[in-house]
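Quick note: the coordinates plus some simple rules give every number you see, no bench work behind them. Just so it is clear, the model here is predicted, and its values are computed rather than measured. All Cβ positions, glycine included, derive from the backbone under ideal geometry; neighbour counts span all protein chains shown.
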Amino acid sequence: MKTARTRTAVPAQATTKVVTRRAVVPPTAASLSPRLIDMAREADLLLSSLGIFPLNLAVSELVPEDDAVWAALEHPLSFAAPASEVADGWLRTQDELQTLLQHQDPLRDALAAPDIEPLMRLLPALYSGVTGRAAVTHPSGRNRTEPFMGVSVAFLSPEEGIASFERMRVWLRENADLPAVIRASVALATVTNVHAFGDGNGRVARILANHVLLVNTAPGAYVPLHEYALGSRRSLTFRIREAELRNQWSGLVGFVSTVVTHWATRSTT
């Protein structure tokens, strides 16, 4: 009598779709509408009114949950993003501010240098300042996210990232007459898009954006983009993706303009 054999099921191999991120392309001045430029210039006028960052005050005191600014900032797709609690301690923003104060002059010099090397040497220092850890490179040569729902994002290669940073530097220099809000938006989008580090990229991006915004402002001022991003259900991320994927900059510039305008009225009261 033959004994029936049992067959062991072999689990199917999960397949992961890899989405390769495209490099941000800064806008041309001609592609920006006069209305958008005027809005950014109006926000620029308020930057000089910013004083030393009020670390002694709670976030909820300056930007309460029922403030109308949240509705103004929200992206149409924000409903899909989880609500995030805005901490009252300015935790990340405080680290960003201190790191910017320590590296303000080297950052200015790196952006004005004849080549990209000074900036590439400075970025790991900014990363260490906000994370407390040494910057690590990605051994695979390309930073890739862990698969989530069958999708993994592959960020720019080191060579592509360096080229993107250099494109940003040249663009900032050649468009010095554009409003600081627009120039800061390009810096913010470029650093997050390159995603040079395993984490902390948003913090480094906000430092660079604030450097561009506040280059002519008294030391100690800072625009807390992190808290506004959390309170608006990650709308900043959606705006950055629009600039990255569609070269549509109005949403991101509008977000930064609204934040600067609101923060100027709240932080100086």
Item to check | Net charge of neighbours whose Cβ lies under 15 Å from the Cβ of PRO114, counting Lys and Arg as +1 and Asp and Glu as -1 | outcome: -1
Item to check | Within the range 172-261: Cβ-based charge dipole about Cα centre, in debye rounded to nearest 20 (Lys, Arg +1; Asp, Glu -1) | outcome: 180
Checklist outcome for this item: Inter-part gap, Cα centre of the range 206-230 to Cα centre of the range 141-185, in whole angstrom, is 19
Checklist entry - Between the helical axis of 91-112 and the dominant principal axis of the chain, each derived from Cα atoms, what acute angle in degrees is found, rounded to the nearest 10? => result 70
Next on the checklist: Can you report the principal axis dimensions of the chain using only the alpha carbons, biggest first, rounded to whole angstrom?
Outcome noted: 93, 47, 39
Checklist entry - To the nearest 0.05, what FRET efficiency results for ASP66 and VAL215 with a Förster distance of 35 Å applied to their C-beta separation? => result 0.55
Checklist entry - Of PHE53, PHE197, PHE79, which is the most mobile in a GNM of the chain whose springs link Cα atoms less than 10 angstrom apart? => result PHE79
Checklist outcome for this item: In the neighbourhood of SER257 defined by beta carbon distances under 13 Å, the net charge of the other residues (Lys, Arg +1; Asp, Glu -1) is +1
Item to check | the range 137-269: radius of gyration and largest Cα-Cα distance (Dmax), Å | outcome: 15.4, 50
Next on the checklist: Compute, for the chain, the length of the dipole vector about the Cα centre, with Cβ point charges of +1 (Lys, Arg) and -1 (Asp, Glu) only. Units Debye, rounded to 20.
Outcome noted: 1460
Checklist entry - For the residue pair ILE52 and ALA176, what label-to-label distance in nm results when each label sits 7 Å from Cα along the Cα-to-beta-carbon direction? => result 3.1
Checklist outcome for this item: The computed P(r) of the range 95-140 puts the percent of Cα pairs beyond 12 Å at 62
Item to check | Amide H contacts of VAL153 (H built 1.01 Å from N, under 5 Å, at least 5 apart or other chain) | outcome: VAL19, THR145
Checklist outcome for this item: In whole Hz, the Karplus estimates of ³J(HN,Hα) for the range 39-47 (6.51, -1.76, 1.60; θ = phi - 60°; x where Gly or Pro) are 4, 5, 5, 4, 5, 4, 4, 8, 4
Checklist entry - Roughly how tilted is helix 117-131, in degrees to the nearest 10 and between 0 and 90, from the longest Cα axis of the chain? => result 80
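Net charge near VAL25, counting Lys/Arg +1 and Asp/Glu -1 over other residues with Cβ under 10 Å of its Cβ?
+1
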Checklist entry - Based on the inverse mean of 1/r over its pairs of different Cα atoms, what is the Kirkwood hydrodynamic radius of the range 96-183, in Å? => result 15.0
Checklist outcome for this item: Within the chain, excluding any GluC sites (Glu not before Pro) found in a DSSP loop (not H, G, I, E or B) and having at most 12 other Cβ atoms within 10 Å, the longest uninterrupted segment runs 86-269
Next on the checklist: Along the Cα→Cβ direction, 7 angstrom out, place labels at GLN102 and ARG41. What is the inter-label distance in nm?
Outcome noted: 3.9
Checklist entry - Taking the Cα centre of the chain as the origin and placing charges on Cβ (Lys, Arg +1; Asp, Glu -1), which of ALA264, ALA243, LEU122 is farthest toward the positive end of the dipole? => result ALA243
Checklist entry - Expressed in nm to one decimal, what extension gain is obtained for the pair LEU245 and VAL151 from 0.36 nm per residue of sequence separation less their Cα-Cα distance? => result 32.1 nm
